[in-house]
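Only one structure is covered here, and it is reproduced in the block below.
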Amino acid sequence: MNDCVIQTHSVSKTYGKLRALDGVSINVRRGEIYGLIGDNGAGKSTLLKAIVGHIWPSDGEVCVLGSQNERQLNSSRRQIGAMIEKVGCFPNLSVEKNLEYCRILKGIPDKKKVGEIIELVGLSQKAKARCSQLSMGMKQRLGLAIALIGEPQILILDEPINGLDPSGIHEFRRLLKELNARKNITILLSSHILSELQQTATTFGFLSKGKLIEEIGISQLHENCADYLEISLSDVEKFVAILDKFCPDENYIVTPEKRVRLIAPKRQAEDYSRLAATNGILVTGLEHHNRSLEDYYMNLKEAAHV
Amino acid sequence: MFNYIKSEFYRIIHSRSTYITLGVFLGLALLINIGLAIIAACNPGWGYGNTAFSFQFLLQLPAIYVCAAPILVYILYDDVRKNGNFKNVIAFGVSREKLLLGQFIVSLIYCLAVMLLTLGVYFAGAYALLRYDPLYTSADIMRQMLCVLPSAVASLVFALLCVNVFERGVVGILVWMAVYYLLPYVCQWIGYEVDFFARIAEWMPMNFMDMQGATDFFWQTNDGVIKCLVSGAAGFVIFGILSWLLLRRKEL
């Protein structure tokens with residue numbers, strides 16, 4: 001766990017009778033893009049706010065870059081660039097001046113950094129424009145620029161693609177991946193748009209009603225979300241033995257209902273029917289399932305709250 | 001914190017509202033003397049077109065410094081809080097204590113600068129446009145200002161507390177007015193029946209500043225100076241502790 005840059009240990013947060021977070025423990029490792037998935041009100045923003053210090057957990061601990069106590073946390077937070085909820089900018093100052101303010105605040109001596117960041121997020125055309133004149137998408141870019149100034153080790157972005165147009169989303173995604181790959185910036189981002197996170201994140205935390213219902217890596221998620229073929233047979237054991245012998249590359253499980261589930265099958269459904277038939281096994285059912293991340297999330301949620 | 005203070009001054013220097021506010025203060029300072037000069041020019045026998053009358057006008061309004069502080073604090077920080085800029089500062093790792101102290105230092109320097117510039121323009125306007133009368137001079141105003149300064153600083157600290165605690169600016173201003181205007185009156189009224197409240201009321205800035213006459217100014221007496229200093233220091237300590245207690249764990 002030493003490579004974790006952000007950890008929360010059983011973090012809870014209550015507002016009166018509302019339990020916004022309920023014992024959430026996440027582990028964000030250095031260099032990964034961690035996607036926090038959840039419905040509106042699931043507790044995503046609350047968790048991110050607790051990490052950046054906007055709120056205090058009612059219970060549990062937040063650990064950033066190994067720091068846990070308040071003084072050390074404040075020091076470690078200087079390595080974080082954050083954009084939580086509304087983009088915090090001065091509406092009557094230009095984009096350039098807003099970033100210059102942040103440069104001075106972060107104590108960055110190199111004045112050229114402002115220009116570089118403006119170019120990096122694609123705001124060169126709007127550098128002199130006042131923030132009040134920016135569109136929603138442009139403000140999101142400014143928010144990212146503010147978060148990025150000072151080359152933080154960690155980026156925390158709350159619903160960063162809200163308000164972006166399709167090409168803006170594409171550009172944003174490309175930028176995040178580039179920052180992660182080239183500068184090894186660890187990114188923790190939240191979204192309720194699952195398809196978007198699926199294309200960006202390498203680790204996923206599923207939040208529902210303030211609880212973390214699963215934390216899973218991309219390869220495991222792909223496995224869990226992959227298409228599968230479920231075959232009902234007259235002799236499951238025999239078919240499994242044949243599968244092992246003739247199709248050793250197949251990944252399968254036998255379900256409690258005594259069906260063979262082929263995960264991401266590499267052959268056509270007819271091929272398996274034929275294989276069973278030629279070995280004297282009767283195929284009584286054959287169903288092809290497509291499971292999206294949405295389906296997976298919905299199933300997880302259902303299972304968590306039953 | 002030093003970086004926060006530097007960045008705040010960068011913002012202040014580059015904000016239009018700074019210059020508009022300063023323009024309004026300087027304009028009012030000039031306008032009073034221009035008005036007196038015009039009236040004096042139109043009425044040759046009028047006895048008030050002189051520097052002494054102009055300065056006496058300010059000397060009769062010591063509470064102006066106490067009231068100017070919250071106006072300037074709200075101009076500086078109300079929008080900043082609404083726009084979520086404090087969240088950036090906290091997320092950059094500045095503790096709330098340092099943020100508060102930084103705000104206090106920035107607003108104190110800003111208010112002093114606005115006040116000194118305004119007084120400078122007021123003096124220049126008076127000396128340039130009005131007939132000189134040595135009865136009251138700019139030195140009297142400076143003495144009065146120095147005496148009232150602790151109360152003005154306490155008022156500034158309380159205004160910062162209000163701007164940070166109350167989400168809506170108007171609520172904060174109403175609370176400031178309630179504490180600085182309503183509370184002294186209430187204490188005074190209760191004081192007619194209960195002696196303890198009468199003693200408290202006479203140490204409240206708006207009460208002892210109101211009780212001065214047109215020519216006998218409270219800051220010219222030992223008692224007045226002591227009241228100014230003690231009530232200013234007490235306000236500073238009380239509002240400072242209150243700010244620390246209420247804001248060090250404030251969630252954004």
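Worth pointing out:
- Using alpha-carbon coordinates, inclination of helix A:236-246 to the longest axis of chain A, degrees: 70 degrees
- Straight-line reach from B:Lys250: taking Cα to Cα under 17 Å and skipping same-chain neighbours fewer than 8 places apart, the aspartates and glutamates in range are A:Asp59, A:Glu70, B:Asp78, B:Glu97, B:Glu167.
- Cα-based helix-to-principal-axis angle, A:269-278 vs chain A, degrees rounded to 10: 30 degrees
- The spacing between segment B:124-199 and segment A:45-79, judged by their C-alpha centroids, is 40 Å.
- Positive-end residue, segment A:227-290 charge dipole about Cα centroid, Cβ charges, pick of A:Tyr272, A:Leu262, A:Leu286: A:Tyr272
- Efficiency of FRET from Cβ geometry, A:Glu171 and A:Ala277, R₀ 60 Å, rounded to 0.05: 0.70
- Proximity of backbone amide H atoms, modeled 1.01 Å from N, is registered between A:Lys211 and A:Asp22 at under 5 Å, excluding neighbours fewer than 5 places apart on the same chain.
- Convex hull projection area averaged over all views, segment B:69-129, Cα basis, nm²: 4.8 nm²
- Candidates per trypsin sites (Lys or Arg not before Pro) in segment A:62-169, loop by DSSP, up to 13 other Cβ within 10 Å: A:Lys86, A:Lys111, A:Lys128
- The accessible surface of chain A, taken with every protein chain in place and a 1.4 Å probe, is 48 percent carbon and sulfur.
- Size of the protein assembly as shown from its Cα atoms: along the principal axes, largest to smallest, the extents are 126, 58, 38 Å.
- Solvent-accessible area lost in complex, 50 Å² minimum, residues of segment B:90-113 relative to chain alone, 1.4 Å: B:Ala91, B:Phe92, B:Gly93
- Prolate/oblate/rounded label for segment B:114-215 (Cα gyration tensor, a/c 1.5): oblate
- Probe 1.4 Å, protein heavy atoms only - accessible area per residue of chain A in square angstrom: 46 Å²
- With the charge dipole of the protein assembly as shown set up from +1 on Lys and Arg Cβ and -1 on Asp and Glu Cβ about the Cα centre, the Cα lying farthest toward the positive end among the listed residues B:Ser231, B:Ala124, A:Asn180 is that of B:Ala124.
- Tensor-based shape of segment B:2-249 (alpha-carbon gyration tensor, a/c under 1.5 rounded, otherwise prolate or oblate): oblate
- Principal-axis analysis of the Cα atoms of chain A puts helix A:136-148 at an angle of about 80° to the longest axis.
- Interface area, chains A and B: about 2800 Å² of buried accessible surface, summed, with a 1.4 Å probe and ligands, DNA and RNA left out.
- Counted as membrane-span-like here are DSSP H helices of chain B whose alpha-carbon atoms extend 30 Å or more along the helix's own axis and whose Kyte-Doolittle mean is 0.5 or above; these are B:16-42, B:96-129, B:138-165, B:222-247.
- For segment B:1-36 versus segment B:68-100, the spacing of their alpha-carbon centroids is 17 Å.
- For the peptide A:54-66, the mean number of other protein chain Cβ atoms found within 10 angstrom of a residue's Cβ is 1.
- Qualifying aspartates and glutamates (Cα of each under 17 Å from Cα of A:Lys106; at least 8 residues distant if same chain): A:Glu96, A:Glu116, A:Glu151, B:Glu8
- Quarter of Cα convex hull surface for segment A:217-297, i.e. mean projection, nm²: 5.5 nm²
- Cα gyration tensor, chain A - rounded (a/c under 1.5), prolate or oblate: prolate
The values are calculated or read from the model by the stated rules, or taken from the named source; none is laboratory data. What you are looking at is a predicted structure, and each value in this text was computed from that prediction instead of being measured. Reconstructed Cβ throughout: ideal geometry from the backbone, glycine too, with neighbour counts over all protein chains shown. For accessibility, only protein heavy atoms count, side chains too; no ligands or nucleic acids. Shrake-Rupley method; radii C 1.70, N 1.55, O 1.52, S 1.80 Å.
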